[in-house]
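Only one structure is covered here, and it is reproduced in the block below.
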Amino acid sequence: MPRLSYRRALTRALADEMTRDESVVVLGEDIRVAAANVTTGLLKKFGPERVRDTPLSEQAFTSFATGAALAGARPVVEFQIPSLLFLVFEQIVNHAHKFPLMTGGQCAVPVTYVVPGSGSRTGWAGQHSDHPYALFAHVGVTTVVPATPADAYGLLVSAIRCDDPVVVFAPAGALDLRADVTDLTPVPLGCGVVRRPGADVTVVAVGHLVHDALAVAEELAGQASVEVFDPRTLYPFDWDGLVESVSRTGRLVVVDDGNRSCGIAGEIIATVVERVRLAAPPRRVTRPDGAVLPFAPALDRAVQPGRDQLTAAIQLTLKDG
């Protein structure tokens, strides 16, 4: 198989699942013309009955997807901007996520929400730059953030086949990434992976930041042995896999493109220190507290987590203890 981009891996997953299962439908704003370049070619292949443009109302099409799922479909909803998820927290969390509980398990709501954008995308300003995956993990909605083209394919396939709602975040910083992919297979939800083995410190990196962590680990190879752990799924989280890693290295740094307060980085650190005695205080590299990203690209980049901050955090952790 030739080199595959992350963006096109999402397209391939949608096309393969729509071919395999006629109940899979795709809907959202401007998806027939593939405004986000994820649904390219689907209209021509599957027709307007299964590739449905919707009005400009996130609440309406998200609620529609819940009803369609209850009626037997497997809807995939594409959001053009992650910040728009704030508009539909009610529809996803209080409706789709809770229907099985409220009905005593008599119904399933197999809806997948695909959310490309944010994460290293600069100049989109405050109302278009949020990365709110921690909110969905907080309330127990299955939440995945693939880092590679193979995982973009495999996790999206598993999400579509899941009988519960799943939110799939596709960070802008990874969308154009290309990689040689020899096999496209489903990736189980809730299973993390060690991207680079190491002995001195474990770095947990979320989404596109996995590649920054790998680059930093390579740069520090002469000074320290850095293990890079990619959770892939933020809820359910592969705690056993991470604990096994940190138990070997004794040190922990988390790099996360979310806000610091009440973010996934803090949860990862809290859970690990409950189960592992660390050799040094853990550290996190995140957006600043309460960050609203500015419009100016230079200022935007200054407040997003990156390699320099991660390198400093690793060096401090190695120095301590």
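The values are calculated or read from the model by the stated rules, or taken from the named source; none is laboratory data. From a predicted model like this one, the values you see are computed outputs, not experimental measurements. All Cβ positions, glycine included, derive from the backbone under ideal geometry; neighbour counts span all protein chains shown. For accessibility, only protein heavy atoms count, side chains too; no ligands or nucleic acids. Shrake-Rupley method; radii C 1.70, N 1.55, O 1.52, S 1.80 Å.
Select from the range 229-268 the residues that are open to solvent by less than 60 Å² (accessible area, probe 1.4 Å) and among the acidic types (Asp, Glu) and write down the one among them that is nearest to Pro149 (Cα to Cα). For the range 229-268, the residue satisfying everything is Asp230. For the range 183-207, a residue qualifies if it is buried (at least 21 other Cβ atoms within 10 Å of the Cβ) and in contact with a Pro (Cβ under 6 Å, 6 or more places away or on another chain), and exactly one does: Gly207. Within the range 279-302, work out how many residues are of a type in the set (A, V, I, L, M, F, W, C), farther than 20 Å from Arg248 by Cβ and surrounded by 14 or more Cβ atoms within 10 Å (Cβ to Cβ). Residues that pass the stated criteria total 3. In the set Val226, Val276, Val210, Val272, only one residue is over 26 Å from Leu177 (Cα atoms) and open to solvent by less than 10 Å² (accessible area, probe 1.4 Å); that residue is Val272.
Collect the residues in the range 86-119 that are among the hydrophobic types (A, V, I, L, M, F, W, C) and crowded, with 22+ Cβ neighbours inside 10 Å, keeping them in residue-number order.
Across the range 86-119, the qualifying residues are Val88, Ile92, Ala96, Val109, Val111, Val114, Val115.
Within the bounds of the range 272-285, is there any residue that is closer than 22 Å to Asp200 by Cβ, in contact (Cβ under 8 Å) with a residue 60 or more places away in the chain and not basic (Lys, Arg)? No, that holds for no residue.
The conditions of being open to solvent by 40 Å² or more (accessible area, probe 1.4 Å) and of a type outside the set (Val, Ile, Thr) are met by Gln315. When Ala179, Ala215 are checked against the criterion of being modelled with pLDDT under 95, under 17 Å from Ala147 (Cβ atoms) and open to solvent by 10 Å² or more (accessible area, probe 1.4 Å), a single residue qualifies: Ala179. Ala170 meets each of the listed conditions (1) under 24 Å from Asp21 (Cα atoms); (2) open to solvent by 10 Å² or more (accessible area, probe 1.4 Å) apart from (2).
Among Thr62, Thr40, which is the only one that is over 15 Å from Thr112 (Cα atoms), of a type in the set (Val, Ile, Thr) and within 22 Å of the chain's Cα centre (by Cα)? When all the criteria are applied, what remains is Thr40.
The test for being over 17 Å from the mean Cα position of the chain (by Cα), part of a loop (DSSP other than H, G, I, E, B) and either hydroxyl-bearing (Ser, Thr, Tyr) or closer than 30 Å to Ser83 by Cα (or both) does not hold for Thr202.
Scanning the range 33-64 for residues that are of a type in the set (Phe, Trp, Tyr), open to solvent by less than 60 Å² (accessible area, probe 1.4 Å) and in contact with a Ser or Thr (Cβ under 8 Å, 6 or more places away or on another chain) yields a count of 1. Of the residues in the range 141-149, not one is surrounded by fewer than 17 Cβ atoms within 10 Å (Cβ to Cβ) and either closer than 29 Å to Val303 by Cα or not hydrophobic (A, V, I, L, M, F, W, C) (or both). Of the numbered criteria (1) in contact with a Gly (Cβ under 9 Å, 6 or more places away or on another chain); (2) acidic (Asp, Glu); (3) under 24 Å from Gln304 (Cα atoms), the one Glu218 fails is (1). Select from the range 153-183 the residues that are within 12 Å of Val76 (Cβ to Cβ) and not in a strand (DSSP E or B) and list them in ascending order. Matches in the range 153-183: Leu156, Val157, Ala159, Ile160, Arg161, Cys162, Pro165. Residues in the range 23-32 that are open to solvent by less than 60 Å² (accessible area, probe 1.4 Å) and charged (D, E, K, R): Glu29 alone.
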